Amino acid sequence: MIRTIIGVSLVPTRYKVRTPTGEYYVRCGADLLLNAIGTDLEAEAKCPACEGIVRFRVTDTEIHELRPSTSILHVVETRMANGRHAVECEGSPIFDKENCLQDWLDGYQGKPGSIFKPQEFLDRMISLRGTEEAN
C-alpha cells in the first residue's frame, strides 16, 4: 500500500521528510510530525528565523535524536466542518530554539497558534486522531 504524504510539496521547501517510500518536501513543521503517524521517518528542517538545522527521526511515534534538543513548534490548528482538525501551514513552522520563535512571533501577523515541543505535538495529534476516528 502506498501511503499519502501529508502536505507534500512538488518544489523544495525548508522541510524534508524521509520515509520508507522515499524523500519528500512538505509545507511546514507540523507536516513533518503528522507524517510520523503510521510510519517511521527522518526529518530535517531549516529554522525560518536563523536558518539553523533541526533534525530528528521517529520510530513507533517516538521522537529520537532531536537536534537541537531546544527545537520548538508553533502550530495554528483549525477545526473543519466535518469536525476534524487541520493545520494552517503558514503559521506552523518549527524553530531550533525559543529565541527564534520569539523573534518570528514579533513579526507574525497571522492567526494565533499554540507552542509545542515536537513530541508533545505528535502525541496530541495521535490523541485527536483516535478521538476523531471514534466519532
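The values are calculated or read from the model by the stated rules, or taken from the named source; none is laboratory data. None of the values given here were measured: they were computed from a predicted structure. Counting neighbours? That spans all protein chains shown, and the Cβs are built from the backbone with ideal geometry, glycine included.
Any idea which residue in the range 28-67 is nearest to G91 (Cα to Cα), counting only those that are free of Cβ contacts under 8 Å to residues at least 24 places away in the same chain and of a type outside the set (V, I, T)?
If we filter the range 28-67 for residues that are free of Cβ contacts under 8 Å to residues at least 24 places away in the same chain, which is where we start, we get 40, 51, 55, 57, 59-60, 64-65, 67.
This time we only want the ones that are of a type outside the set (V, I, T), so: 40, 51, 55, 57, 60, 64-65, 67.
Details: D40: 25, E51: 17, R55: 20, R57: 23, D60: 27, H64: 25, E65: 25, R67: 22 Å.
Step by step, filter the range 28-67, then rank; the result is E51.
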Failed condition for A81, given (1) closer than 17 Å to C28 by Cβ; (2) surrounded by fewer than 18 Cβ atoms within 10 Å (Cβ to Cβ); (3) not aromatic (F, W, Y): (1)
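Scan the range 21-51 for residues that are on the phi > 0 side of the Ramachandran plot, small (G, A, S) and assigned to a loop (DSSP other than H, G, I, E, B) and jot them down.
Within the range 21-51, just G38 meets the criteria.
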Given (1) more than 24 Å from Q102 (Cα to Cα); (2) modelled with pLDDT of 95 or more, number of the condition I53 does not satisfy: (1)
Filter pass, Q119 being in a helix (DSSP H, G or I), at pLDDT 95 or above and over 16 Å from C47 (Cβ atoms): yes
Residues of the range 92-107 satisfying the condition of being of a type in the set (A, V, I, L, M, F, W, C) and over 15 Å from the mean Cα position of the chain (by Cα): C100, W104, L105
Failed criterion for E62 (all others in (1) surrounded by 13 or more Cβ atoms within 10 Å (Cβ to Cβ); (2) closer than 24 Å to S127 by Cα hold): (1)
Residues within the range 55-100 that are hydroxyl-bearing (S, T, Y) and part of a strand (DSSP E or B), tallied: 2
